[in-house]
1. Out of all the residues in segment 92-101, is one or more part of a helix (DSSP H, G or I) and either modelled with pLDDT under 95 or on the phi < 0 side of the Ramachandran plot (or both)?
2. I'm trying to understand the selection: among the residues of segment 123-155, which are assigned to a helix (DSSP H, G or I), within 12 Å of the chain's Cα centre (by Cα) and under 17 Å from residue 23 (Cβ atoms)?
3. Of the residues 100, 89, only one is touching a residue at least 24 places away in the same chain (Cβ under 8 Å) and touching a helix residue (DSSP H, G or I) at 6+ places or on another chain (Cβ under 7 Å); which?
4. For segment 53-63, name all the residues that are in a loop (DSSP other than H, G, I, E, B) and surrounded by 13 or more Cβ atoms within 10 Å (Cβ to Cβ).
5. I'd like the full set of residues that are within 15 Å of the chain's Cα centre (by Cα), assigned to a helix (DSSP H, G or I) and either touching a residue at least 60 places away in the same chain (Cβ under 8 Å) or under 11 Å from residue 57 (Cβ atoms) (or both), limited to segment 69-86.
6. So in segment 65-83, with the set limited to residues that are touching a strand residue (DSSP E or B) at 6+ places or on another chain (Cβ under 7 Å) and at pLDDT below 95, which one is surrounded by the fewest Cβ atoms within 10 Å (Cβ to Cβ)?
7. Report the residue count in segment 140-165 for those that are in contact (Cβ under 8 Å) with a residue 12 or more places away in the chain and under 13 Å from residue 178 (Cβ atoms).
8. Pick out the one residue from 156, 170 that is at pLDDT below 95 and farther than 21 Å from residue 14 by Cβ.
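The values are calculated or read from the model by the stated rules, or taken from the named source; none is laboratory data. Values in this document were obtained by computation on a predicted structure and should not be read as measured data. Please note: Cβ atoms are built from the backbone with ideal geometry, for glycine as well, and neighbour counts cover all protein chains shown.
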């Protein structure tokens, strides 16, 4: 019996929201966790011109092969935390791409019918966890449960390394990630 060749991984995701929502952190964590499994990765942060409360986004590319360019104009996935980011990035998402949106804060509806929309009440779930600042980890959990780019275990191992000296943050971030991961499975 002949085994079908495995399709090489080439995942592109843009994470966007307000500065302070932890998007740079989850982008770094995703890239780091993939790198630890031997994948090629890029992580590019971008900040708006405002001092506080401005926009922030990052692009992560994960591949089994060398990455020719870290610049992505049309990502396969978006993790969106607020209305301005939805308006800015939804048009760039590939057809049949996945839009993960924080339904706790986003009041606008996506306008496209050629994409998959995954709505997660990330802020509400974070409050249930006991820390409103971990909505970013809820979103990452939902993304990882839906996109097969790195395993849940890889992310949790990366999280342990990031917070090895700050164990109080490890527990709440792990719990938020787990809640986001299982939210999609409901």
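1. Yes - at least one qualifying residue is present in segment 92-101.
2. Those that are assigned to a helix (DSSP H, G or I), within 12 Å of the chain's Cα centre (by Cα) and under 17 Å from residue 23 (Cβ atoms): 135, 136, 137, 138, 139, 140, 141, 142, 143, 144, 155.
3. The unique qualifying residue is 100.
4. Step one: list which residues in segment 53-63 are in a loop (DSSP other than H, G, I, E, B), which gives 53-54.
Selection gives 54 alone.
5. 85
6. Of everything passing the filter in segment 65-83, 66 is surrounded by the fewest Cβ atoms within 10 Å (Cβ to Cβ).
7. Selection size over segment 140-165: 9.
8. Numbers: 156 fails: at pLDDT below 95.
Just one listed residue meets the conditions, 170.
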